[in-house]
Each structure stands twice: as C-alpha cells, then as structure tokens.
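**Q** Okay, handing you the structure first.
The values are calculated or read from the model by the stated rules, or taken from the named source; none is laboratory data. These numbers come from a predicted model, not from an experiment. As a convention, Cβ positions derive from the backbone with ideal geometry for all residues, glycine included, and neighbour counts pool all protein chains shown. Side chains are part of the model used for accessible areas, which takes the heavy atoms of the whole protein and leaves out ligands, DNA and RNA. Shrake-Rupley method; radii C 1.70, N 1.55, O 1.52, S 1.80 Å.
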Amino acid sequence: MALAFDEYGRPFIILKEQDQKTRLRGIEAQKANIAAGKAVSRILRTSLGPKGMDKILQSPDGDVTITNDGATILEQMDVDNQIAKLMVELSRSQDYEIGDGTTGVVVMAGALLEQAERLLERGIHPIRIAEGYEMASKIAVENLVHISQKFDFGATNIKPLVQTCMTTLSSKIVNRCKRHLAEISVKAVIAVADLERKDVNLDMIKVEGKVGGKLEDTELIYGITVDKDMSHPQMPKQIEDAKIAILTCPFEPPKPKTKHKVEIDTVEKFQTLRLQEQKYFDDMVQKCKDVGATLVICQWGFDDEANHLLMNRNLPAVRWVGGVELELIAIATGGRIVPRFQELTPEKLGRAGMVREKSFGTTKDKMLYIEHCANSRAVTIFIRGGNKMMIEETKRSIHDALCVARNLIRNNSIVYGGGSAEISCSIAVEAAADKYPGVEQYAIWAFADALDSVPMALAENSGLQPIETLSAVKSQQIKENNPHYGIDCNDVGTNDMRQQDVFETLIGKQQQILLATQVVKMILKIDDVISPSEY
Amino acid sequence: MAIERILKDDANEEKGERARMASFVGAIAITDLVKTTLGPKGMDKILQSTGRGQEVTVTNDGATILKSLHIDNPAAKVLIDISKVQDDEVGDGTTSVVVLAGELLREAEKLVAAKIHPMTIISGYRMAAECACNALLQRVVDNKDNAVKFKMDLMKIAMTTLSSKILSQDKVYFAQLAVDAVMRLKGSTNLEAIQIIKKPGGSLSDSFLDEGFILDKKIGLGQPKRIENAKILVANTAMDTDKVKIYGARVRVDSMSKVAEIEEAEKEKMREKVQKIIAHGINCFVNRQLIYNFPEELFADAGILAIEHADFDGIERLALVTGGEIASTFDNPESVKLGHCKLIEEIMIGEDKLIHFSGVEIGQACTIVLRGASHHVLDEAERSLHDALCVLSQTVNDTRVVLGAGWPEMVMTKAVDELARQTPGKKSHAIEAFSRALIAIPTIIADNAGLDSADLVAQLRAEHHKKECNAGIDVITGSVGDMAELAISESFKVKQAVLLSATEAAEMILRVDEIITCAPRKREDRM
C-alpha cells in the first residue's frame, strides 16, 4: 500500500484507513479486471446461438428462473465484482437500446478483453490498445453498412420481418413454434406501428401470460385483456358493441380532500344525511346510464350498494383495474378517462365491438377480453405455456422479437446472421490493419481475432469443430467475395445465410460492436482498484 | 494471481456436467418420490407440516404431495410447478406428468452419458412428442353426439380417476355422484358451483349429492324452521348498524335525550330497511354479512327466515341455484329478481344442523355432503372427488376420450418406435428413449400393484402389435385385459396435457448447462 513521506521523513496517510483497503495497481489491476470480465463472458458464451444452452438462476428467495437471455442472466446473477457489474451494465444497455443481442455483446467484449490481455503481456500500453480497438471498431461498423441490405416490407408484406424475428427466437426455448410466435410479434408491431413516422411504441403491446394450455395456443388479441372479472357475479358475461365509461373515481361516498366534519346533532339531520347518501349512489349510477354507457370500468372499488344498483340497472362494471391497463383501454377504445361523474359525456365513452369474460382451467381464473376496439392501436399478446418458467421465458423471447421488429421498422437495413457479419468484419478489419503504422496495428489485428470469437462460439455450441469450421467459412467468404457465408448451426447443409433466411438488424449489430468496444476501452483504462477489504 | 470472485459470497455456480447432474438428480429424486402413488394400487403418503400443531395429511394426490415439499433443487422446482399447473388446468394426472418428465430425464441422462448433445435429444423428444400426440389423436373416441354413450364415458372416466384414490371402494357410487354433479353445471367449468361439505361421522358410503342446496348455517331464533314455496332474497348488505357512509360524518350532541333520539332514528332507519326488504314479498332472507339481534327480531316478527353470515361463495352459489340476484339496495322491489325454491328446512347431518333448500329452480349449483370416519379421510376424499370433478368438467368441454390403464402409453410407444426406425441420425436414439420413458408408466403401474411388470409389459407390447387392440393392464387380475370391456377410460385432454407439459419440462431442464444460485436472503435472527 502506498505510503508517502513528508519532507521530514515522517510517513503520512493518503487514503483514509488505508490498511483496511485492498488495492491493486498497474498491470495487476488490469489483469484482474480482464479476468473478471472474461469470467462473465464465459458464463454467457454457451448461451449463444440456436443451440445455446439455458441457465437456471435461483434468486435469494429461492425462485427459479430458466433463461437464455443474456441481459436476464446477468441481471439476476447477483454480481459483486465491479468490473463484472460493468459487463452487466453493458448487456443491459444493449437490451434497452436494441432489445436483442444481449448475449452477443458480452461475448464480444469478453473476446476483446482476452485479446487485450495478450497485448498487455507483450508490453503494449493499454491506451494504445484502446485506440487501436477504437479505429478497428470504426472499420467494422463501416463494413457492416457496406454489406448490409435493405429490404422492403409493408403492412401486407410481412414475410421478411417474420424471418428476422424467427432468427431471434430460434435461440430460445420457444423455437418449437417460432414461426407462430414470430408472426404474432410482427403482426402486433405492425398493428401499433406508425409506418410514416417509422416509430413504434412498444408500450401499446401488452404481453400477458397465463399458465396452462400449450405454447401453440398463444394468441394475438386485437384489443386488451384485463385480469379481472365483473364486479357482480350475475352481471352479463358478454357485451356486444359496448360503450365503455372509463372512470377513475370510486363508486363510493365522496371524500373531499380538505379536512371536514359533518356534524349530526338532530334526528332531522341524520335523516337528511341518509337520504343524501342514497341519492348520491343513485346519481352516480344514473349518470353513467344517462350518457349511454353499457360497461363501466373503474380504477377503484365499489360500495355494495352501488354495486347492486349497477347490477339492477343492467350496467356491467369492472372494478380495481390498474392505471396502466386503464390507459391502454382508453387508447384502444378511443375513450377518455373520466375523473368525475359530472364530467361524463357521451363523447368520452370508449367503444369496443365485443367485451367478454373467459374462464380458464379448473380454478376460478377469469379474464376480461375487450376486442374489436374503435382504435386497434393497442394489442395484447396472450401467452399460454406448460409452466411458470416457460411463460416467463416466452415473455422475454417475445420482447426480444418485438424489439427486433421495431428496429426493422425504424431502419430496414439488415445484415446476415449466423456469424457471417462478424466474419466479414473480421476480414475487413484485418485487411485494413496493415495500413496503420505504429503499435495500433497489433490492436487492430487483435480486434479482428476477437470478432472471430463470436462465430467460433456459435460453432462450438452447435457441436462443430470451431477452428476448422471458421477457417473454412472465412476462406469461402474471401474466395467468393460473398459476405453471406456463416456457420451452419442447424445442420441445414448450406453455409449461405441468405438461403437459410437468417437475418439480424444492422443497428443491432452496429450497436453490439460499438458498445463492446466502449466498455473494453473503459476497463483497459483502469489501472488502480481500491476497494474496502472484507471484514 | 487468483481470479477475483465475481459473484457474491454465498452465491454458488455450477457448470456443465455438474449442473446437468444436479438437475437430473433433483428431478429423478422427485419422480421416485411420487412414483409409488401411481395407479390403482399406488400407496399414499403422510405429510406432516412443520407449522404449529404439526398437522398430518394423508394423500395420494401428486400435486398435494409436491406442493407441501420444501425443495431447494431448481430442477425439482420445475417439476413441482408443472404438477401444479396440471392441477389447475385439468385437475388430474398430476402424478403422471411428474413421473413422465422424470422418466424422460432419466433416459436423457443415459444419452448424455453416451455423448449425445442435449440439443439433439431435445429435437428428438419434440418429434416423438408430436408423433405420440398424433397417434393418440387417431384413436380417440368422441361420443359428443350421443348423450347416453357420452354419459357412460363420463362414468368410466370418473371411475378410472377415483380408482387410484381412497374412494376406490365406493367408486361406482362416487363416480355417479361426480357425474351427476358435473352434468348439472351444463358445460360450465366453474367448479365453485359444486359445494362440498365435509362432516365427520358415518362412513364414506353415507355421502350423498343433494339435489338442492345445503347451507352450513343455522336458522335465526324464533324463526320458522320450515318454509314451503320460499321466496328468497339473497343480499349483501350491512344489517348490523347501517353506517352513514359519507366521509367525516359524526354525531355530536349535547344531551342524553338527544342521544336517545338519534338512537331511535337509527333504529327507525333499520326498521325501514327491514320493512323495505319485507316489502319484496319474501319469506326468506339470506345475507352475506352479520344480522344484528334487532333486525333479526323484526324478521322473526314478520315470519321471515333470516340467515346471516353466509360467506361469499355460499351467497354466490345460492344465487346460482335459486336464480335470484344478489341485492344490496332495496328501493325497487319490483326490479329485484327473487330466488325461489320449494322447501327450506333444517336438517341434521351428524350432530350439525344445516339448512336445506330443495326444489330449486335453476339448479346449476349443487352440494355434495361427504361423510367419513376422520378428518384425514374426509380431506383426502374431497381431494379425490375434486380431481374427478375437474376431469369430468374438462371432458364435458372436450369430449374426446381414450382408454386407460397403460393403453394410451402403448399406442404412443408403438407410433414413436415406428418413427425412430424411420429417422436417420442421432435423433433416433432420443426418439427411442422417449418411447422407453412412455413404457415406464405402465411398468410403474404394474410394479406398484406387485405384479411382474417385465412380463406384463412384454405381453402388452405383443398385443399392441395387432391392429386395433384395446389391451391394457388389468391390475385387479394381474393380467393383460381388454380396456374397452373393463370400462377404463381417460380424458384425452388430460393425457395430452400430461404429454405436452412433461416434454416441455424435460426440455427445459435439458437445455440448462449452468446453475447460478444467489446468496440466500439473510433472515433476521429472532431469538
């Protein structure tokens, strides 16, 4: 630990309580950091690709998650090491930004770190390595743009979108019915997409799951599902051409926010108050009825009396609907959320072609379907599956697929998957490396090697000979000058990813390379780790 | 230099082979645990809770056993979860699903040891499951259009389900009971409408299904004990003190006389409410909430039977059977639908008085009264009956039926074996393994019955190579028998759910190559 001496030779302390802290400096620190980063990426490496394996994660409370999604694995892993936390961040930012490729980005970063370690051993300064990586990443991203292809799709021609989503889903457990799920995801995205503005608000897609049934029963509902039932068991279970009043005020006596007291000191007052109360309930229900509502959806609870009045006047109602659902219902049905009974007008009612209650299984599980809405800009994906973990994993997979579809709508450029893009970039970077004078050249070479590690991992996970396969594909790419050759993970028999229809989005790939480079640069620049020691 | 620890202190990481081992071992252990309960000669388990009183449950129901286990192994948790889902979704087959998933994993373990990649096994299993499902689908019997035959099917299914439970002694009786109850639901799957009342005493065969409806409540004091042609108002309203609901209201008075006045007014209010209720022209009033003495007295005066504190389910069921609506306000007597029944009377079962509504109008709900020697017997009987009811109500919706007692497994095995022979590549090993796992079920059934399983299964297999064979294991005589003659049937939906969820679960566990366990949350030590 550093000990400094003043001009009289007396030692003084720089770090407070320094003997309680552990400290790593210089090359030691860098090596420790790299080792930590590599360890994280090693965990994810086996999850990459269509033949990637899953992980079981057991939370502190004993709940089990089984997943293949890089971001989820890292998030739940309970990481303690600082550098490992950076890797977790990396995967999370890829998740927020792109939604897919969360595993790939960590594997890439791990490979870059591994290469950097070798360069460090040769005595190359970390900053020079970082700079070399930076240059190389630029070349790689340019190359990606170069090899990318645009494809056209419209609301009617969704096949290319479906294929890209299928590539994403093929690495998940749901790949058994990936076509079905991919179609659902694409249809959902198309339904809510603003094709002119090229924007998609994924909040409009609600992903709901219920255990039971089989994965094939997963469906897309052009409308909303609410996990609630009618407030009174004897209300009608099906309403056609519903006019929906969406309320955020309870069917309960008023509760003014100012503090107040109602004093009762005579019998008359007691009686008038009673009448008032009755009238109040009556008015509330009558108002809803007057504007022509045939269904009331309320954020709050109902008083027993109000509930019966609603029932009595044949006005079905749903209570305790959450705020988010309420908003979605309002958007879907074109209604307005009404905070007070007085403001209820016929224009503010939402419209839906069909509202029905559906029950599941042997328990009293019921859900409310609101379908054929005035505005179909809100959809629900309703997942069924054999068990809870399956549903959760399907939700995550669908989320990835939705993100991919959204990215394609934003930017319709694609690159080919199966490691072909990485191999092509690696070739381009290697070719460019020789043009750089100076030590950076080595770093650029190293970058090219790191790019190779993604297809290598793919091949490894698919049970192929990694080095043999990679070199064969690489030479094929150079010989035929065709960047579409990748790893044939599914044993289809061709290396041409164009024939296999394996696509990935351009921005996803670009983002992967950029984010991985950034994090690695950051890690390389650290030369001193001070942490409080355990006690 | 040592690699820094990445995970927190108590967190745990298991990789590759070790992880796979851990999940296989966990899953197989769970399977072995419930295996012995399978089939008509399956044994029961005693479960003792760790809670206060160390309550004891004796059961044969897979879902109940697994639910009560405290398991730490993640793979075992997956199996428990599928059994729970099976229970919620179809109600029966909770043991079979776990056993099948476990057997699939046991076979997979051997394949992994023979250096076959888990992904290859998975794709083989998938193909096999699909093939098995199709094979079964071709042999289903659907008697949807023939009401009499369909009822026979239901009867058979109920008997098959019950034969593995404590009720097997009186299975014909209970099967009839369950079928009658479910037929009354008229296609709805809402089993809430079937009320099961358990009263210790008597023997199991004293149990009965009541045509009408029984409410486990007492009749108020001084009120008629027997009403003919009852008009019933079902209500959910406060009959204690009718509070002023307007927020912030409070009474402030300055003299005793005023208090008395207000009290009088309150009483008056209640009296008015009671009057209004009486004005509906009813002679029975059932409320979900409490009824205080004062209104009760008023009702008694008017000769009206008032029942208080019927819980929510009771109210709902009563509304269902009598066709009345649950009312909370009483200002519009003309628009409130009243419930009707021919006779209300107090009956005695054992030592308890119950209220019996008979001759009900709609009759969508019904009551089953279970009698038995002890609470444990009753609890288990309820669970068994619940299973039967679940299966029946699902069968009413999906009317396809298959034969039971190992027949479906053999049919599937045959098809899967065929597929294995036609499939080139490593997958065929996995497909074969799938068929071995399927055969394990009849083997276990035979083993549990103390029969020579190897011999029986071999015979069965030979039988099934003939066309259109109905052979299955006849556990009673210990030989291969014709299932169509023995009237052993199962619901197709249950079998399908077992097959699909077991494959799904096995697949899920097979895909895992790493287990990361977080540090358990520290509990505060309370000394």
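**Q** Would you point out which residue out of B:382, B:409 is of a type in the set (Asp, Glu) and either surrounded by fewer than 22 Cβ atoms within 10 Å (Cβ to Cβ) or assigned to a strand (DSSP E or B) (or both)?
**A** Answer to the check: B:382.
**Q** Looking only at the range A:117-128, decide whether some residue is surrounded by 22 or more Cβ atoms within 10 Å (Cβ to Cβ) and modelled with pLDDT of 85 or more. Explain how you work it out, then say what you get.
**A** Going through the range A:117-128, the residues surrounded by 22 or more Cβ atoms within 10 Å (Cβ to Cβ) turn out to be none.
No, the range A:117-128 contains no residue that is surrounded by 22 or more Cβ atoms within 10 Å (Cβ to Cβ) and modelled with pLDDT of 85 or more.
**Q** Moving to a separate point now. If a residue has to be touching a strand residue (DSSP E or B) at 6+ places or on another chain (Cβ under 8 Å) and away from every other protein chain (no Cβ under 11 Å) to count, how many in the range A:50-100 make the cut?
**A** Matching residues across the range A:50-100 total 3.
**Q** Only strands (runs of 3 or more DSSP E) wholly contained in the range B:449-518 count here; list those with 1 or more residues that are more than 14 Å from every other protein chain (Cβ to nearest Cβ) and closer than 30 Å to residue A:384 by Cβ.
**A** The qualifying strands (runs of 3 or more DSSP E) are B:489-491.
**Q** Ok, one more. Which helices (runs of 4 or more DSSP H) sit wholly inside the range B:103-190 and have at least 1 residues that are within 14 Å of chain A (Cβ to nearest Cβ) and more than 30 Å from residue B:426 (Cβ to Cβ)?
**A** Passing ranges, in order: B:147-163, B:171-185.
**Q** Working carefully through the options A:78, A:95, find the one that is modelled with pLDDT under 80, under 21 Å from the mean Cα position of the chain (by Cα), assigned by TED's automatic domain parsing to the domain that holds residue A:506 and surrounded by fewer than 24 Cβ atoms within 10 Å (Cβ to Cβ).
**A** Working: A:95 fails: modelled with pLDDT under 80.
That would be A:78, the only listed residue that is modelled with pLDDT under 80, under 21 Å from the mean Cα position of the chain (by Cα), assigned by TED's automatic domain parsing to the domain that holds residue A:506 and surrounded by fewer than 24 Cβ atoms within 10 Å (Cβ to Cβ).
**Q** With respect to the numbered conditions (1) surrounded by fewer than 19 Cβ atoms within 10 Å (Cβ to Cβ); (2) touching a residue at least 24 places away in the same chain (Cβ under 8 Å), which one is the sole condition not fulfilled by residue B:23?
**A** (1)
**Q** Is there a residue being part of a strand (DSSP E or B), open to solvent by less than 20 Å² (accessible area, probe 1.4 Å) and modelled with pLDDT of 70 or more anywhere in the range B:306-323?
**A** Among the residues of the range B:306-323, at least one is part of a strand (DSSP E or B), open to solvent by less than 20 Å² (accessible area, probe 1.4 Å) and modelled with pLDDT of 70 or more, which makes the answer yes.
**Q** Next up: Just need a number here: residues in the range A:132-154 that are acidic (Asp, Glu) and either touching a Leu at 6+ places or on another chain (Cβ under 8 Å) or under 20 Å from residue A:414 (Cβ atoms) (or both).
**A** Counting residues in the range A:132-154 that are acidic (Asp, Glu) and either touching a Leu at 6+ places or on another chain (Cβ under 8 Å) or under 20 Å from residue A:414 (Cβ atoms) (or both) gives 2.
**Q** In this structure, is residue B:123 of a type in the set (S, T, N, Q), within 20 Å of residue B:29 (Cα to Cα), out of contact with any strand residue (DSSP E or B) (no Cβ under 9 Å at 6 or more places or on another chain) and crowded, with 20+ Cβ neighbours inside 10 Å?
**A** In short, no.
**Q** Residue by residue through the range A:471-498, note down the ones that are crowded, with 20+ Cβ neighbours inside 10 Å, hydrophobic (A, V, I, L, M, F, W, C) and within 17 Å of residue A:170 (Cα to Cα).
**A** The answer is A:487, A:489, A:497.
**Q** Can you report the number of residues in the range B:85-102 which are touching a Lys or Arg at 6+ places or on another chain (Cβ under 9 Å) and more than 8 Å from chain A (Cβ to nearest Cβ)?
**A** 7
**Q** Could you check, for the range A:500-517, whether at least one of its residues is open to solvent by 30 Å² or more (accessible area, probe 1.4 Å) and part of a strand (DSSP E or B)?
**A** yes
**Q** Go through the range A:260-273 and count every residue that is of a type in the set (Lys, Arg) and either more than 8 Å from chain B (Cβ to nearest Cβ) or closer than 15 Å to residue B:260 by Cα (or both).
**A** Qualifying residue count, the range A:260-273: 1.
**Q** Give the range A:45-65 a look and list any residue that's more than 14 Å from residue A:458 (Cα to Cα) and of a type in the set (A, V, I, L, M), or say none.
**A** Passing the criteria: A:56, A:57, A:64.
**Q** Still on this model: Kindly check whether there is at least one residue in the range B:141-164 that is in contact with a Cys (Cβ under 7 Å, 6 or more places away or on another chain), under 18 Å from residue B:91 (Cα atoms) and either crowded, with 16+ Cβ neighbours inside 10 Å or at pLDDT 75 or above (or both).
**A** no
**Q** Another question, then. Can you pull out every residue in the range A:415-443 that is open to solvent by less than 10 Å² (accessible area, probe 1.4 Å), farther than 21 Å from residue A:128 by Cβ and either hydrophobic (A, V, I, L, M, F, W, C) or not in a helix (DSSP H, G or I) (or both)?
**A** A:415, A:417, A:419, A:421, A:423, A:425
**Q** Continuing with this model, one more query. Are any residues in the range A:129-148 open to solvent by less than 20 Å² (accessible area, probe 1.4 Å), closer than 28 Å to residue A:29 by Cα and of a type in the set (A, V, I, L, M, F, W, C), and if so, which ones?
**A** Answer for the range A:129-148, where residues must be open to solvent by less than 20 Å² (accessible area, probe 1.4 Å), closer than 28 Å to residue A:29 by Cα and of a type in the set (A, V, I, L, M, F, W, C): A:129, A:130, A:136.
**Q** Determine whether residue A:468 is open to solvent by 20 Å² or more (accessible area, probe 1.4 Å), among the acidic types (Asp, Glu) and over 30 Å from residue A:202 (Cβ atoms).
**A** yes
**Q** Mind checking which residues of the range A:434-449 are among the small types (Gly, Ala, Ser) and modelled with pLDDT of 85 or more?
**A** Of all residues in the range A:434-449, those among the small types (Gly, Ala, Ser) come to A:438, A:443, A:446, A:448.
Of everything in the range A:434-449, those that are among the small types (Gly, Ala, Ser) and modelled with pLDDT of 85 or more turn out to be A:443, A:446, A:448.
**Q** Looking only at residues that are open to solvent by 20 Å² or more (accessible area, probe 1.4 Å) and at the interface with chain B (Cβ under 10 Å from one of its Cβ atoms) in the range A:274-302, which one is farthest from the chain's Cα centre (by Cα)?
**A** A:274
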